[in-house]
1. Can you tell me which residues in the range 53-69 are open to solvent by less than 100 Å² (accessible area, probe 1.4 Å) and of a type in the set (A, V, I, L, M)?
2. Cβ-Cβ below 7 Å, separation at least six or inter-chain, first residue in the range 56-74 and modelled with pLDDT under 85, second of a type in the set (A, V, I, L, M, F, W, C) and open to solvent by 70 Å² or more (accessible area, probe 1.4 Å): which pairs?
3. Report yes if some residue within the range 9-30 is at pLDDT below 90, touching a Pro at 6+ places or on another chain (Cβ under 8 Å) and in a helix (DSSP H, G or I); otherwise report no.
4. Name every residue in the range 26-47 that is open to solvent by 90 Å² or more (accessible area, probe 1.4 Å) and not hydroxyl-bearing (S, T, Y), in order of residue number.
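The values are calculated or read from the model by the stated rules, or taken from the named source; none is laboratory data. What you are looking at is a predicted structure, and each value in this text was computed from that prediction instead of being measured. So basically every Cβ, Gly included, is an ideal-geometry build from the backbone, and we count neighbours across all protein chains shown. Quick note on the areas: whole protein, heavy atoms, side chains included, nothing else; ligands and nucleic acids left out. Shrake-Rupley method; radii C 1.70, N 1.55, O 1.52, S 1.80 Å.
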Amino acid sequence: MLEPLMFLVLGTVMALWPGRWVFGPSTVRARRLREIDEGADERYFEERRELTEYLPSPRFLLPWRIIGAVTAIGAAGVLIVRSGIAG
């Protein structure tokens, strides 16, 4: 009973906030950019450019939203069937 509930929660979070799963919080990006501006070495070639230019687009996050929604719906279905409400 614990697994479907866990998948329901994780699927819902993934559907609603996919950017947190894929890219991490934007505060991490801003903090790293501030560190580079203060003189820290870049970890790899053109790290600064990547942090400023390549921001995730909503279109890229759409598949993550779909996967999360399907996971949450499937888990809800399993919970309903296991609880005996469906039949």
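1. Those that are open to solvent by less than 100 Å² (accessible area, probe 1.4 Å) and of a type in the set (A, V, I, L, M): L61, L62, I66, I67, A69.
2. P56/F23
3. The answer is yes; a qualifying residue exists.
4. The answer is R31, R34, D37, E38, D41, R43, F45.
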